[in-house]
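One structure below.
The values are calculated or read from the model by the stated rules, or taken from the named source; none is laboratory data. Predicted model only: the values in this text are computed from it and were never measured. FYI the Cβ positions are ideal-geometry reconstructions off the backbone, even for glycines, and counts take in every protein chain you see. The protein model used for the area step is the full one, side chains on, heavy atoms only, and it has no ligands, DNA or RNA in it. Shrake-Rupley method; radii C 1.70, N 1.55, O 1.52, S 1.80 Å.
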Amino acid sequence: QVQLVESGGGLVQAGDSLRLSCATPTRTVGNYAKAWFRQAPGKEREFVAAISWTGRDTWYSDSVKDRFTISRDNAKNTIDLQIHNVKPEDTAAYYCAAALDTLDFRSAIKRRGTRRLDLFDSWGQGTQVTVSS
């Protein structure tokens, strides 16, 4: 398990850009893939994007892949989620998650139907993103 801390959320207007960051304060032994999930009020937590432990591979939900970019910031040692042209439907609590980047994980993350919450053992507390029209 790895400690994760999200930041960067806030109130933004539709059409703005936003950058969320997921920091790992403590170094942990193991190759961990990272992901972003989001949960709107009254809705289930949904997968947004993921990145392999090396940063070479990324996966996105179909609903956000044209506006969201997940990346690694080596200088800050964070996993960032860049959101462009935010929309009101992007309003949600955004959570960072981590999972051991195993072959089984790769098999599951590649398929939309298996991008489940239980793939990830570590979760941050979340950061709220609110988009006004």
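Return the residue satisfying two criteria in turn: it lies in region 25-44 and is farther than 26 Å from residue 112 by Cα and touching a residue at least 24 places away in the same chain (Cβ under 8 Å), and of such residues it is most open to solvent (accessible area, probe 1.4 Å).
26
Mind checking which pairs have a first residue in region 1-14 that is surrounded by 17 or more Cβ atoms within 10 Å (Cβ to Cβ) and a second that is among the charged types (D, E, K, R), Cβ under 6 Å, 6 or more apart or different chains?
As it stands, the answer is 8/19, since those pairs meet every condition given.
Could you check region 66-122 and list, in sequence order, the residues that are among the acidic types (Asp, Glu) and either under 23 Å from residue 5 (Cβ atoms) or outside any helix (DSSP H, G or I) (or both)?
Hits for region 66-122 are 66, 73, 80, 90, 101, 118, 121.
Among the residues of region 95-115, what is the count of those that are open to solvent by 60 Å² or more (accessible area, probe 1.4 Å) and either under 23 Å from residue 28 (Cα atoms) or of a type in the set (Gly, Ala, Ser) (or both)?
Of the residues in that region, 5 qualify.
Out of (1) within 15 Å of the chain's Cα centre (by Cα); (2) of a type in the set (Asp, Glu); (3) under 30 Å from residue 133 (Cβ atoms), the odd one out for residue 89 is which?
That leaves (1) as the condition not met.
Confirm whether residue 118 is buried (at least 20 other Cβ atoms within 10 Å of the Cβ) and closer than 16 Å to residue 48 by Cα.
Against the criterion (buried (at least 20 other Cβ atoms within 10 Å of the Cβ) and closer than 16 Å to residue 48 by Cα), residue 118 does not qualify.
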